[in-house]
Amino acid sequence: MTSSSDPFCPVGDAPAEAIRDRGFAVFDRVYSLEDVSLFRESIERRYDALGRPATYARPPLEPAADVEISVVGLVLYKLGVHCPELAPHLFKPEILQAIRGVLGEDMHLEFTSAVVCNGDRPFFPWHMHVGGVDNVRYRKQKLFPTYERSERVTTLLYLDDLTPETGTLLVYPRRVGDPTTPPYDPALEDWEGQIELPCSRGTVVVMEQCTWHAARPKRSPGLRAYIACYFTSSAAETTSWVDDSLRPWASEGSLLASVLPRP
Ligand SMILES: [Fe+2]
């Protein structure tokens, strides 16, 4: 069952509250189609340069430095390495304002990536991103900590429309402070109470790190791409690494410079 409540309605007014109270906020088409083309073409150029490999692999492959192919798709880690020309366009003030409303003024950018799926991809099971770049450790050790205050959010900038063919996003609403254990079997495609998001390209979903989510199968030819980032509060445990790849491209006083971690 998919909830009939409108996932888009509360966001314009109070995105920070939406992130805290239900685990996510949707900024509908916040990037122009011109921006979307710029991002998508840059990512596709990098994919072309890699020889357009299959984007699904189990176990994962590493065809080049900072590139991984897994069940997620082909992931370009560290956008400043792969697509530096995108650096000045990546962030929007209204989104950073909402994130600061959740994580505090001194939050920082922890991680940037682009994800490409070419052709079919099966259902991507339910998961969440607690721990950020160290999420694999939490998954392997089955750690499900709870937090009174949010320490991290993920942003997903979709560069293709999410349709029944390309695979919509499924989100299970939760309030910060709620338990983080999975309420149902993560391999089940439908969870009672889920919200299905058929986002248009240019839309950003900001998700609290403990919000469970999944992606419907992709059954369309060609590429589906998105840009994913982590933003982290100063109160969070220090991570094993931080993506600093955009620093050379941040001009003084820029929006990008304002989110970089202190060197
Ligand atoms: Fe995810």
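The values are calculated or read from the model by the stated rules, or taken from the named source; none is laboratory data. Just so it is clear, the structure is predicted and the values come from calculations on it, not from any experiment. Glycine also receives a Cβ, built like all others from the backbone with ideal geometry; neighbour counts cover every protein chain displayed.
The condition (being surrounded by fewer than 17 Cβ atoms within 10 Å (Cβ to Cβ), in a loop (DSSP other than H, G, I, E, B) and either modelled with pLDDT under 95 or not small (Gly, Ala, Ser) (or both)) is satisfied by just one residue among Arg45, Arg52: Arg52. Ala187 meets each of the listed conditions (1) more than 13 Å from the ligand (Cβ to nearest atom); (2) under 21 Å from Thr112 (Cα atoms); (3) of a type outside the set (Val, Ile, Thr) apart from (2). Considered as a group, the residues in region 201-231 that are over 19 Å from Leu33 (Cα atoms) and charged (D, E, K, R) include one that is farthest from the ligand (Cβ to nearest atom), and that residue is Arg219. The condition (being at pLDDT 95 or above, surrounded by 14 or more Cβ atoms within 10 Å (Cβ to Cβ) and under 13 Å from the mean Cα position of the chain (by Cα)) is satisfied by just one residue among Tyr226, Tyr184, Tyr172: Tyr226.
Do you know which residues across region 240-263 are modelled with pLDDT of 95 or more, more than 19 Å from Leu76 (Cβ to Cβ) and of a type in the set (Asp, Glu)? Passing the criteria: none in range.
What about Val26, is it surrounded by fewer than 21 Cβ atoms within 10 Å (Cβ to Cβ), touching a strand residue (DSSP E or B) at 6+ places or on another chain (Cβ under 9 Å) and β-branched (Val, Ile, Thr)? If you could, list the steps in order and put the result at the bottom.
Values: surrounded by fewer than 21 Cβ atoms within 10 Å (Cβ to Cβ): no; touching a strand residue (DSSP E or B) at 6+ places or on another chain (Cβ under 9 Å): yes; β-branched (Val, Ile, Thr): yes.
No; evaluated as a whole, the condition is false for this residue.
As a summary of the residue check, Asp243 satisfies the conditions (1) in contact (Cβ under 8 Å) with a residue 24 or more places away in the chain; (2) surrounded by fewer than 22 Cβ atoms within 10 Å (Cβ to Cβ) except for the one numbered (2).
Among the residues of region 43-53, is any of a type in the set (A, V, I, L, M), within 16 Å of the ligand (Cβ to nearest atom) and under 30 Å from Ile195 (Cβ atoms)? No, the conditions are met nowhere in region 43-53.
Residue check: is Val102 crowded, with 16+ Cβ neighbours inside 10 Å, out of contact with any Gly (no Cβ under 8 Å at 6 or more places or on another chain) and closer than 16 Å to Met207 by Cα? Here the answer is yes, as Val102 does meet what is asked.
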